[in-house]
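Contents: one structure, followed by commentary.
Please treat every number below as a calculation from the coordinates, not as lab data. Here the structure is a predicted model, which means the values were calculated and not measured. Please note: Cβ atoms are built from the backbone with ideal geometry, for glycine as well, and neighbour counts cover all protein chains shown.
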Amino acid sequence: MLPDTEPMVVTEAAAAKVILVVEDDGANAELLMHVLLQETPYQVYLAPDGIAALQLISHVIPDLFILDYRLPGMSGIELYECLHAHPRFNQTPALILSACLEGYQEEIERHKLVALAKPFDVDELLALIAKMFDQSLASQQSLLSALS
């Protein structure tokens, strides 16, 4: 019997963007997961803290990180630095969520991160995620153009 030589069909699910949400507050995590899974085509994973996120990236390759600023053990910025130190994720965009952005604005700007204050408007969150994916795609395309 001949092996199946039909080309593999790439489905929308296979091409879906992957988001890693790192949120320690159960209610906020539940809200984020519900919104992202119900309102978007993205694959979404949840980690309750930085250690779990760092373990998860050995199995999952996120296209976007959504990080709570105040996490147990390390801040969202410290987690961002750990994630971006990994060559596979040094160009992966990150969105910082915090209930009190004012105190962290300088640090967020220094890292050139996008931030959104809690409580957030769901439509604003979804628009921001779409914009970040569009910018990421545009920068990848310009890099490919420069290489060819």
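Rounding to the nearest 20 debye, state how big the charge dipole of region 14-139 is about its Cα centre with +1 on each Lys and Arg Cβ and -1 on each Asp and Glu Cβ.
440 debye
Which far-off residues, 5 or more places away or on another chain, put their amide H under 5 Å from the one on A94, with H placed in the peptide plane?
The list, which skips near neighbours in sequence, is F65, V114.
Taking a ≥ b ≥ c as the square roots of the eigenvalues of the Cα gyration tensor of region 14-139, is the shape rounded (a/c under 1.5), prolate (a/b larger than b/c) or oblate?
It comes out rounded by the Cα gyration axes.
Roughly how many nanometres apart are two label points built 7 Å out from the Cα toward the Cβ at S58 and V18?
Distance between the two pseudo-spin positions: 1.5 nm.
Please sort 70-83, 99-112, 50-63 by packing, taking for each peptide the average over its residues of neighbouring beta carbons within 10 angstrom, highest first.
Per-residue mean Cβ counts within 10 Å order the peptides as 70-83, 50-63, 99-112.
Quick one: what are the phi-derived ³J(HN,Hα) couplings along region 119-127, Karplus 6.51/-1.76/1.60 with θ = phi - 60°, whole Hz, x for glycine and proline?
Calculated HN-Hα couplings, in order: x, 10, 7, 4, 5, 5, 4, 5, 5 Hz.
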